[in-house]
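Notes follow once the structure below has been shown.
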Amino acid sequence: MPAIERLAAATRSAPLWSKDDVTVIFVLGGPGAGKGTQCAKIVTDYGFKHLSAGDLLREEQDRPGSEFGEMIKSYIKEGTIVPLEVTIQLLENAMQATREKDNKSLFLIDGFPRKLDQAHAFERTVVPSKFTLFFDCPEDVMLERLLNRGKTSGRADDNIESIKKRFRTFVETSMPVVNEFQTQDRVAKVDATKGADEVYEDVKKTFKEWDIKPITLKFVQTQ
Ligand code: C5P
Ligand code: MG
């Protein structure tokens, strides 16, 4: 079955799910801020399903026969934002699949929304988010991390040309999303300059403040 069989999400007039049924935390931060690294830690302790918009787009780009492959490729290379209909449908499909397969309703949506129109459309047609976890990191730190990652990531956009464009897109297009959510008191900002473990300590504090509880481990008694 094609990953995108219809682009209906953006035209729906009411959200597919309510906030009571599905919990979404948006994870934002500049490229190289450590979103993916922190999400992996959160998944282990809190049982969320991690969905990276960038990963879903790369997957769709590489899917044989995708009508969106070439378009996605050029947007990613230029560090610009893929039209919202595609990204929202990919996210919605992945959420649907997760709910059917794992019966999960906790989602960390990483690298999304990167533009105000995406934020508005997602909350209007899929589900309103609980809050946005924002990893705040200066560009010099992110640049060093990305150049390091570029040695092994194989990503077409971990090179200095694309990185500069991604930084620019982040400041001009994605920060307005963070700022708008901030005016609604729906942003938790974490300093992402430090090492991954230290940053994660702050993430845990933030989750506590937002009343998100770690999964309790069930020990199997042998005797
Ligand atoms: O989050 P990540 O760095 O993996 O994203 C890579 C690229 O994917 C972005 O620079 C952008 O071109 C595209 N993207 C997008 N919309 C999103 C997330 C990623 O267009 N919400
Ligand atoms: Mg990522």
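Read-outs: derived from the displayed coordinates by stated rules, not from any lab. Please read all numbers here as calculations on a predicted model, not as lab measurements. Every residue, glycine as well, gets a Cβ built from its backbone with ideal geometry; the counts of neighbours run over all protein chains shown.
Each Cα pair under 8 Å and six or more residues apart adds its sequence gap; the mean of these over the residue count of the chain is a relative contact order of 33 percent. Take the Cα of Lys164, step 7 Å toward its Cβ, do the same at Lys101, and the gap between the two points is 4.0 nm.
Taking 0.36 nm per residue of separation and subtracting the Cα-Cα distance, full extension of the segment from Lys205 to Met175 would add 8.5 nm. In this calculation the C-beta distance from Thr44 to Lys194 is compared with R0 = 22 Å, giving a FRET efficiency of 0.70. For the chain, no complete DSSP H run has alpha carbons reaching 18 Å or more along its own long axis together with a mean Kyte-Doolittle score of 1.6 or higher. Label sites at Gln184 and Thr11, each approximated as a point 7 angstrom past Cα along Cα to Cβ, lie 2.5 nm apart. Sorted ascending by nearby beta carbons within 10 Å, beginning with the fewest, Trp17, Trp210 become Trp210, Trp17.
Shown for the range 1-110: lysine pairs separated by 8 or more places, or found on different chains, whose C-alpha atoms are under 28 Å apart, numbering 17.
The range 17-53 and the range 121-196 have Cα centres lying 13 Å from one another.
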